[in-house]
Amino acid sequence: MLKILLFLLFLSLPLAAQEQWLIKVDEDDSTVWVERNGQVTHGDKLRYRFIKDGCDVIQEVFTFYTMVNNENIKSLKGRVLGLMINDQQIGAEVMFALPFLSGHSVWFNLGHYYVKDHIAYWKDSKFYEVKIVDNENFKANDYFDVKVNKWNMDNFNDSLKIGQEKCEAL
C-alpha cells in the first residue's frame, strides 16, 4: 500500500509543477507568452502575449477545445461570442478554429490591455472562469461540448511582471 501511495505522489509532482504560469520567450517572433492550463480542460490555456517594443501592453487570449464536429466551426472566425467571465458579461472575438486531435481548438481574443491596469484589475481574483453563453444568433451547444473553463490566478501579478521584464530584454 505504501508503494502505491508513493507512486501516486511521484506521478502527481510533475502535474502540480505544470499548473504554474509558464513564461515562453520566442525570440524569432519577438514575443513573450505568459500562459496557464485550464482546470476543466487541461490543454486549454489562458495566454497573455507581449510584443517587443510594446512591452507595456498585453494581448489576452484563451482557447477552448471542442469535440462537437460542427462543419461550420470555421465560420466562427471574426465573430464576437458572448461570454461570462467571473459573472461579468462580455464578448470575445474568435480568432480561428484549428483542427486538433478529435475536434477543434478555438482561439478567442479579448483585446489589448496595459499591463499595470490588468494587474490592478485581477489583483484580488483567485480564479478566472469563462462560460460561453447563448444569444439569439448563437447556440453554444451547437459548437462546444464543454462551455466552461477555469484558471487559477495564483501568482498572476508576479508572472505578468516577469513576462514584461523578459519582453523588455528582447
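Could you say which residue among 159, 105 is in a helix (DSSP H, G or I), at pLDDT 95 or above and buried (at least 17 other Cβ atoms within 10 Å of the Cβ)? Even if it seems obvious, please write down each step before you answer.
On the way: 105 fails: in a helix (DSSP H, G or I).
Just one listed residue meets the conditions, 159.
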Residue 81 in a strand (DSSP E or B) and in contact with a strand residue (DSSP E or B) (Cβ under 9 Å, 6 or more places away or on another chain): yes
Boolean, residue 81 is surrounded by fewer than 18 Cβ atoms within 10 Å (Cβ to Cβ) and modelled with pLDDT of 95 or more: no
In region 108-121, the residues that are closer than 18 Å to residue 73 by Cα and surrounded by fewer than 18 Cβ atoms within 10 Å (Cβ to Cβ): 109
Members of region 21-47 found to be over 15 Å from residue 154 (Cβ atoms), under 10 Å from the mean Cα position of the chain (by Cα) and in a strand (DSSP E or B), listed by number: 45, 47
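Among the residues of region 122-144, is any outside any strand (DSSP E or B), in contact with a Ser or Thr (Cβ under 9 Å, 6 or more places away or on another chain), surrounded by 13 or more Cβ atoms within 10 Å (Cβ to Cβ) and of a type outside the set (Ser, Thr, Tyr)? Give the derivation first.
First pass over region 122-144, keeping only residues outside any strand (DSSP E or B): 122-126, 133-134, 136-137, 139-144.
From the residues that got through so far, the ones that are in contact with a Ser or Thr (Cβ under 9 Å, 6 or more places away or on another chain) too are 143-144.
So of that shortlist, the ones also surrounded by 13 or more Cβ atoms within 10 Å (Cβ to Cβ) come out as 143-144.
Filter once more, so that each one left must be of a type outside the set (Ser, Thr, Tyr): 144.
Yes.
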Test for residue 113: is it modelled with pLDDT of 95 or more and in a strand (DSSP E or B): yes
Which listed residue, of 52, 45, 74, is open to solvent by 10 Å² or more (accessible area, probe 1.4 Å) and touching a Leu at 6+ places or on another chain (Cβ under 6 Å): 52
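The values are calculated or read from the model by the stated rules, or taken from the named source; none is laboratory data. Small disclaimer: the values here were computed from a predicted structure and weren't measured. All Cβ positions, even for glycine, are placed from backbone atoms using ideal geometry, and neighbour counts span all protein chains on display. Accessible surface areas use protein heavy atoms only, side chains included; no ligands, DNA or RNA. Shrake-Rupley method; radii C 1.70, N 1.55, O 1.52, S 1.80 Å.
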